[in-house]
1. Determine the gain in length on full extension of the stretch Ser23-Glu109; use 0.36 nm per residue of separation and subtract their C-alpha separation, reporting nm with one decimal.
2. Amide H neighbours of Gly50 under 5 Å, at least 5 residues apart or on other chains, H built in the peptide plane: list them.
3. Run the simple label-point estimate for Ala55 and Ala161 please: 7 Å along Cα→C-beta, distance reported in nm.
4. How much length, in nm to one decimal, is gained on full extension between Arg47 and Asp14, taken as 0.36 nm per residue of separation minus their Cα-Cα distance?
5. Do you know the relative contact order of the chain, to the nearest whole percent, from alpha carbon pairs under 8 angstrom that are 6+ apart?
6. Along Cα→Cβ, 7 Å out, is where each label goes; now give me the distance between the ones at Arg68 and Ala82 in nm to one decimal.
7. List Asp29, Asp9, Asp165, Asp14 from most exposed to least, where exposure is judged by having the fewest other Cβ atoms within 10 Å.
8. For Rg and Dmax of the Cα atoms in Å, the listed values are (i) 15.6, 44; (ii) 20.3, 63; (iii) 28.8, 95; which was obtained by calculation from the structure presented?
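Any read-out appearing in this document is the output of simple, stated calculations on the displayed coordinates, not a laboratory observation. What you are looking at is a predicted structure, and each value in this text was computed from that prediction instead of being measured. Ideal geometry is used to build each Cβ from the backbone, glycine not excepted, and the neighbour counts take in all protein chains shown.
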Amino acid sequence: MDAQLPAPDPWVADLTAAWAAGSVQPVLDVACGSGRNALWLAAAGLRVVGVDRSAGAVERARATARRRGLATARFRVRDVEAAGPPAGPWGAVVVCRYLHRPLLPRLAEALRPGGWLVYRTHLAHPLRAPDARPRRSAFLLASGELLRAFGGLEVLRYEEAAGPDGAWAGLVARRPYSS
């Protein structure tokens, strides 16, 4: 992988080889910021669309993609809280360090049958440092919340953990081929 790219979320890095070998395309990176996950996936040969409401972050992601020759990475300014996710179906949806609860069912619906969801974000946890960010409960998952929110998906991995870098909940799941 390209050492010049920012490191992706570790869960995204773990899945990159399997996704690149299969047909997990296109990939949607929600709240992509400056594109660390989308750029990483594009460097592995995947077609990726990153969306973020920050025009500045999207422009930084586009500039990095141009500099690195990552033609399979596209970035769009989009407020998913107002407009929802871009129309799918998506082979995979990646969400890291972002939480807007009304969006959760729409993300599951945006996946094609067999499509993957990787969701990893901040967790309210007793071992979480009191000064850790984010501080607002609206941006912190409750224990088990991702499992409940995506109950219609096949869970492949779920984890809640706390450490020096904060508390996290993560889910890797797939939409069933038939319901």
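1. 29.1 nm
2. Those lying under 5 Å, H to H, from Gly50 are Asp29, Arg74, Phe75, Arg76.
3. 3.9 nm
4. Answer, rounded to one decimal: 10.1 nm.
5. Computed over the chain, the figure is 18 percent.
6. According to this spin-label approximation, the distance is 2.9 nm.
7. Asp165, Asp14, Asp9, Asp29
8. (i)
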